[in-house]
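The values are calculated or read from the model by the stated rules, or taken from the named source; none is laboratory data. Worth saying up front: this structure is predicted, and the values here are computed from it rather than measured. Here Cβ is always computed from backbone atoms with ideal geometry, including for glycine, and neighbour counts include all displayed protein chains. Accessible surface is based on the protein model in full, side chains and every heavy atom, while ligands, DNA and RNA are left aside. Shrake-Rupley method; radii C 1.70, N 1.55, O 1.52, S 1.80 Å.
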Amino acid sequence: MNVKRLSSRGRVPSQTKCALIGCLNVALIGAMSALALSSPAAADQSVPLPASIPSNCGTADSTVALSAFLAAVPANSTVTFPKNGCFIINETLLLQGTSGLTIEGNGSTLKQTASPTNPAPLVELWDDANLTIENLNIDGAYTGSNGGEGEEGDYGIQFEADSGVTLTNDTVSNIQGDFLYLSPPYDVTTSDALSTGITITNSTFTNAGYHGLTVESVGCPTLAPCNGLTVSRDTFSGIGIDAMDFEYDDYSTPFNTNGTPFWAAQDDVTIEDDTWANWGDDWFASLQGQTPGVQEQHLTLTHNTLLTTGPLFEVVGTNPYLTTEPYTDANWTITDNNFQSGFYGYAYHGGYTVAAQLYNIRDLTFTDNDFPLCIGVDNGPNGTTPFPASECGTPAEYLMDINTILSATIADNNFSGAAGVEQPQPYANGDVGVTECGNTYGVNAGRVDDACPSTTQPTPSTTQPTGQPPTPQVVRQRPGHDYSHGYSFGYNHGFGYNHGFGYNHGFGY
């Protein structure tokens, strides 16, 4: 594959980061690996960290020494950290091109004792294969007041073009930016690939100044479904903005000649059996309605528990009438998720509107969720105190605003306290094949939809009702990336009504 690089790194400019953080590590790895830190004898062996790397969080920074040692370990080896050790990491710990490496953290901590002058990840994983990191603690420099949009690049762990990475029984805490960022391969010069086979399980993520989980580049290397990303049995809490942000700013997904995406897509993702507590804005945000579009397909959110009061979804995909199937949001399953008793969904833009916006999705299954609403709830910061249902006001808010949904089942959900399931909209005439049934809503869930029919809904046409959709131009080059987080777009639903709007989230999307 010919790798073409057209622009500087998005979100955090690569020149700044390279000069101050990344290039320092990369340049020193070769030199440091020649030192007698340790000489692992062969692959498939357990290798302890050398005693020359301080493990008591004294005054010495261990970033360069750790990076150099891990780069020199043979493939398929296990590196065992000392039990409950502590290592100062005030630069970026880089793992690049490793194969079959297992890092047994043994309860040790990578400790950031000073906030970076320029935003930079605490740990970066570039083009690693079959990497396992377990029982490791990563502790950043977030104090509760030094995070936010300007510190977004201070990620806990950043992934680029990785394959088969497993994080298990780890903790990531006090991160100024996002806990986890699955990034396009801005820094990897040998690959344009999406990260794939990423599994994050039984881990705890606490206190992030910006997003929790940010996904821009993940999916399968073939057209057959696989595990692009699975996040399961984890706990995320104390998130400044959105719990999950699936968004690639400004540009669209490029494709290989065989139809597989590269560089940026959000495919084959499963978020299951996780606990999400105390996020600032949306539980799940994905605002990327640009054309031709960003592929976001085969997404599953299931069996998650929500322990806060806040908005649920804010999703705008690319209008399927104005593009072609590869560029769409499609095959989404949102099922069996629930607020813990005493927590509720509320309007994502304030007032009494809706807790969820879902625009431009094909083949949506939204079933068996327990998402009650409560008007007038005042639970303190981020809804940390459960609120009794008996104190909820008269229903005044709908659960969702949907538009241009092609084939969907919205069924058997508990929307107690909602004025209704779907907010009536004058422009919502692009929905085709939507079944709404068996949902409860109103005071104490006293109202219910009709029973669900047994017949299968017909497959909707994606032909634009009036006129023909434009033919998108597919470019095989790496897209540029605008470091601006402002987001605005307009689009025409193709029904004689222009729903165009300028939209600035105001939180760095």
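Worth pointing out:
- Dipole in debye (nearest 20) - segment 145-216, about Cα centre, beta carbon charges: Lys, Arg +1; Asp, Glu -1: 260
- Under-5 Å amide H pairs with Gly430, H placed in peptide plane, nonlocal only: Thr404
- Segment 200-258-segment 86-118 distance, computed between alpha-carbon centres (Å): 21
- Whole-number accessible area per residue in Å² for segment 261-355, which is evaluated in the context of all protein chains at 1.4 Å: 23
- Anisotropy class of segment 83-152 from Cα gyration tensor, a/c 1.5 cut: oblate
- Rolling a 1.4 angstrom probe over segment 314-373 with all protein chains present gives an accessible area of which 44% lies on carbon and sulfur atoms.
- Residues whose amide H falls under 5 Å from that of Ala330, counting only those 5 or more places apart or on a different chain, are Glu296, Gln297, His298, Arg362, with hydrogens built in the peptide plane.
- Note on segment 142-282: antiparallel DSSP beta bridges, both residues inside, total approximately 5 percent of the bridges counted.
- With a 1.4 Å probe rolled over the protein heavy atoms of all chains, the accessible area of His211, His303 falls in the order His303, His211, largest first.
- Segment 40-194 shape via C-alpha gyration tensor axes, a/c threshold 1.5: oblate
- Neighbour net charge for Pro225 - beta-carbon separation under 15 angstrom, K R +1, D E -1: -4
- Its Cα centre serving as origin, segment 86-238 has a Cβ charge dipole (Lys and Arg +1, Asp and Glu -1) of approximately 360 debye.
- Cα gyration tensor category, rounded, prolate or oblate, for segment 128-205 with a/c compared to 1.5: oblate
- Separation of the Asn76 and Ser454 label points, Cα + 7 Å toward Cβ, nm: 5.6
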